[in-house]
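What follows is calculated from the coordinates using simple rules that are stated; it is not laboratory data. Here the structure is a predicted model, which is why all the values come from computation and not from measurement. Glycine gets a Cβ as well: all are built from the backbone with ideal geometry, and neighbour counts include every protein chain shown.
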Amino acid sequence: MEMSSRDIPFIDLSNQDEKLVARAVVKASEEWGVFQVVNHGIPTELIRRLQEVGSKFFELPELEKEAIAKPEDSMDIEGYMTKYEDEARNAWADHLFHRIWPPSKINYRFWPTNPPEYREVNEEYASHMKKLAEKIMEWLSEGLGLPREALKESLGGETVEYLMKINYYPPCPDMDSVLGVPGHSDFNGITLLVANDALGLQVFKDDNWIDTMYITSGIIVIIGDQFQRMSNGKYKSVVHRATRNKEKTRISWPVFVESNLDQVLGPLPELTSGDNSAPKFKSYAYKDFKIRKLKQLTLDD
Ligand SMILES: O=C(O)CCC(=O)C(=O)O
C-alpha cells in the first residue's frame, strides 16, 4: 500500500512538555530519520527573507552568478554551479554552497553580494540554525542515554560546520523522469531544510518513495550518516531525493551540520563498550568516509 505524506512525523517544539518533544524527536529519528518541526523559534519573517534573497540571487543574469562560481580547480565544495548534471542518474539542478558557521570557516567570496541584504539575512539565519541544531542534538544525545552535549562534542564542539546549500530547480514540463537531486542519504550529522511552496522532497521508507508535505514556515530535519554511525545505528540516515516540478520553480535551502573533514567518527565508545552492543560501523576521518561513499567503496564489512 502506498504510504501517504501524513505519516511523516510532525513535531511542535512549542509544547511545554519538553520531555514529550524530546521523545518525539528521538522516535522520529529512530523510525524515520526525518521529521518536520514547527514553532521552532526561527521567525517566519526571517525564513521568508532567506527565501527572498536566495531567489533573487538565482534570478540574476548568468554572468553575475558566475562571479561566485566554484573554481574549476577547487577541491572544496563552495561556490555556484549551473546545470550541475548527472546524466548517469538523470538529474540536474543549479546550486550554491557556502559555509555559514563557524565565522573562521566563512569565505565571503562565495556569498552573493546582490541582493545586498543577502549577507545580513544569512548571518542571522546561521545563528538561529545553530541554536536549533544544538537543541535537537541535545535531545538526540539524551535519547542515546548520554549527556546532552555528547553528540555536539563528538562532532567537534565549536568547530562543527554549518554548510548552506541552495538548490534551484526550474520547471521541467516534458521531463517527468528527471530528478532534481537523485536518491541519497546525507553524509553529515543533521540537515535542516526549508523550501519554497513547490513540493518535491521525497523520502524512502518501507520500499516506497513518500512525498513530503511541508509548510513553508516549518523546518524539515534529516538525519545523516554521521549520526547514524555515531549512534551505532539507533538513528537512521534517511534516503531522500528531490523531484522537479512541472509548472513551478522549486528552491530548497538545506543547511548541513557536519564535522570538519579531519574529524574521526564512528560509533560512540559509550554505546559499544562493556555489555553494550558491538560496533556496527567502522570509524573514518570524515574526508575518507566521504570519498569512500562517493566512490561506492566498501565502508563496513
Ligand atoms: O531539494 C530538496 O528538497 C532536497 C535537496 C537535497 O537532498 C540535497 O541537496 O542534498
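All other residues with a Cβ under 13 Å from the Cβ of ARG229 taken together, and with Lys, Arg as +1 and Asp, Glu as -1, what is their net charge?
Spelling it out: positives minus negatives among the neighbours equals +2.
Once the Cα atoms of helix 18-31 and of the chain are each reduced to a long axis, what angle between those two axes, in degrees from 0 to 90 to the nearest 10, is obtained?
It works out to around 80 degrees.
Under the rule of -39500 (n - 2.57) per DSSP H run of 4 or more residues, summed and divided by the residues of the chain, what mean residue ellipticity at 222 nm is obtained, to the nearest 500 deg cm²/dmol?
Value at 222 nm, helices only, nearest 500: -8500 deg cm²/dmol.
Plugging the Kirkwood radius over Cα pairs into Stokes-Einstein for the chain, at a temperature of 25 °C and a viscosity of 0.890 mPa s, what D comes out in µm²/s?
It comes out at roughly 124 µm²/s.
Calculate, for SER127 and PHE10, the FRET efficiency according to 1/(1 + (r/R0)^6) with r their C-beta to C-beta distance and R0 35 Å; round to the nearest 0.05.
Approximately 0.90, to the nearest 0.05.
Just to confirm my numbers, what's the Cα centroid distance between the stretch 177-203 and the stretch 47-75 in Å?
The stretch 177-203 and the stretch 47-75 have Cα centres spaced 19 Å from each other.
What are the ³J(HN,Hα) values, in whole Hz, obtained from phi via the Karplus relation 6.51 cos²θ - 1.76 cosθ + 1.60 with θ = phi - 60°, for each residue of the stretch 291-297 in sequence order, with x given for Gly and Pro?
4, 5, 5, 4, 8, 6, 8
Sequence-distant or interchain residues sharing an amide H contact under 5 Å with GLN36, placed H: which?
It is PHE10, ILE11, VAL221, by chain and number.
Can you flag which of LYS105/LYS152; LYS131/LYS152; LYS83/LYS165; LYS83/LYS287 are past 19 Å Cα-Cα?
LYS83/LYS287
Quick one: which residues, 5 or more positions from GLY200 or on another chain, have an amide H under 5 Å from its amide H? H modelled 1.01 Å from N in the peptide plane, none for Pro or chain starts.
Correct list: THR212.
Using the Karplus equation 6.51 cos²θ - 1.76 cosθ + 1.60 (θ = phi - 60°), what ³J(HN,Hα) coupling, rounded to whole Hz, does each residue of the stretch 235-241 give in order, writing x for Gly and Pro?
9, 9, 7, 7, 7, 9, 8
Return the long-range amide H neighbours of LYS205 (sequence gap of 5 or more, or a different chain), with a cut-off of under 5 Å between placed amide H atoms.
ILE210
Based on the mean of other beta carbon atoms within 10 Å per residue, what is the order of 290-300, 235-245, 95-105, most packed first?
Highest mean packing first, the order is 235-245, 95-105, 290-300.
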